[in-house]
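Heads up, the thing below is written out as C-alpha cells.
The values are calculated or read from the model by the stated rules, or taken from the named source; none is laboratory data. Remember, predicted model here, so these are calculated numbers, not experimental data. Cβ: placed from backbone, ideal geometry, glycine included. Neighbour counts: every protein chain shown. Surface areas here come from the heavy atoms of the whole protein model, side chains and all, with no ligands, DNA or RNA. Shrake-Rupley method; radii C 1.70, N 1.55, O 1.52, S 1.80 Å.
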Amino acid sequence: MTSGERDAALSVYERVLGAEVETLPPVLRRYFGAIPDGHVGVGEGVYSVVGSRYRRVAGALLRWSARHDVLFPEGGRDVPFVVENRIGPDGSLEGTRWFGFPRVTRVMRDTMRADRGAIVERLGRRGGLEVRLSASATPRGMVLRSRRLAWWVRGIRVPLPPLAGVEVRESDAGGGRQGVDVRLRMPLVGEVFRYSGTFAYRIVRESDSGPAVSPGLPTLSMWLTQNSPN
C-alpha cells in the first residue's frame, strides 16, 4: 500500500492528529475514525438547546444563512436531530445535520479536509464560508477551535478578519452516547449561536434501513420522509 493509499484509508481527523486519536474514549473513536467504502455514519439524538439569543435582531441575516444551509433563525430546547457523515469523492468528510423543529426542518451542511496539520471546514450548500480549525484529542474528548476564516467568491478565496470564533467540544456522555457542544462567539458580543446535546452514532451500509440507533427516535429514512429538508 502506498502512502497515498494509507492516507485515503484514514479519516480527516486521523490524518491531522495521527495516533492522538487513539487517546479518545471508544465512543468518540468510532465517530472520528474512518468510514469504510459503501458505508455512512449516522447519528440520532436530541439537542437540549439550539439557536441564537440574537435571532430577533439578526433575523434577516439568519434567514439568509438558512437558505444556504448554515445557521438559521429558529431556536428551542429538546430538538431532535439526525446527522449523516459520508466520504466525498476526494476523500473529504461531508456532513449533513437535520434539525427537527415543530414547524420546519433546518439543514446544516459542511465539508472537511485535512491540510497541513489542521482541518479546513467549508460551510453551507456551496461551501462559501471557510473555517480553519485546530484539533486536540485527549481521554476527556475532542476539542476543535477556529483559527482563521475566509469567504469564497466565484472561486476566489478572500481571507476575513477574526469576526467570529467557533469552538466544538465532543465528549463521552455515557450509555454509548456522545455529547456535543458547539458555540459561535463574536468579539464584544459574546455567544451568538449554540447547539448542545447528546446522540448515538453508528456506521451503517449505504442501503441500511434497520432499527434506529435510539429507540426513542424513528429511522433516518422515516425521519427524512416525514421532515423533508427540500
Inset, instruction - Taking the Cα centre of the range 108-157 as origin, sum charge times position over the Cβ atoms of Lys and Arg (+1) and Asp and Glu (-1), and report the length of that vector in debye to the nearest 20. - result: 140 debye
Legend entry - Accessible surface of the range 44-111, 1.4 Å probe, proportion on carbon and sulfur as whole %: 51 percent
Inset, instruction - Output the direction-averaged projected area (hull surface divided by four) of the convex hull of the alpha-carbon atoms of the range 37-96, in nm². - result: 5.1 nm²
Inset, instruction - Evaluate E = 1/(1 + (r/R0)^6) for ARG169 and ARG30, where r is the Cβ-Cβ distance and R0 equals 22 Å; express this FRET efficiency to the nearest 0.05. - result: 0.80
Inset, instruction - Could you tell me which of LEU188, SER136, GLY95 has its Cα farthest along the dipole of the chain towards the positive end, charges placed at Cβ (Lys, Arg +1; Asp, Glu -1), taken about the Cα centre? - result: LEU188
Inset, instruction - Apply the Karplus parameterisation 6.51 cos²θ - 1.76 cosθ + 1.60, with θ equal to phi minus 60°, to every residue of the range 49-66 and state each ³J(HN,Hα) to the nearest whole Hz, in sequence, with x for glycine and proline. - result: 8, 7, x, 10, 6, 9, 5, 6, 7, 10, x, 4, 5, 5, 5, 5, 4, 4
Legend entry - Computed magnitude of the charge dipole of the chain (debye, nearest 20; Cβ of K, R +1, Cβ of D, E -1): 1000 debye
Inset, instruction - Take the chain, connect every pair of alpha-carbon atoms lying under 10 Å apart with a spring to form a Gaussian network, then pick out the residue of SER207, SER171, SER52 with the largest mean-square fluctuation. - result: SER207
Inset, instruction - Please list, in chain and number order, the residues 5+ apart from ARG106 or on another chain whose amide H is under 5 Å from its amide H, with Hs placed from the backbone. - result: PHE99, PHE101
Legend entry - Pairs of Cα atoms farther than 25 Å apart, the range 74-177, %: 29 percent
Inset, instruction - Enter the accessible area per residue of the range 11-64 (Å², integer; probe 1.4 Å; all protein chains in place). - result: 49 Å²
Legend entry - Fully extended contour minus Cα-Cα distance, from ARG86 to GLU22, at 0.36 nm per residue: 20.9 nm
Inset, instruction - Provide the per-residue ³J(HN,Hα) series for the range 153-170, in order, calculated from phi with Karplus coefficients 6.51, -1.76, 1.60 and θ = phi - 60°, each as a whole number of Hz, with x at glycine and proline positions. - result: 10, 6, x, 9, 8, 10, x, 10, x, x, 6, 7, x, 10, 10, 10, 10, 10
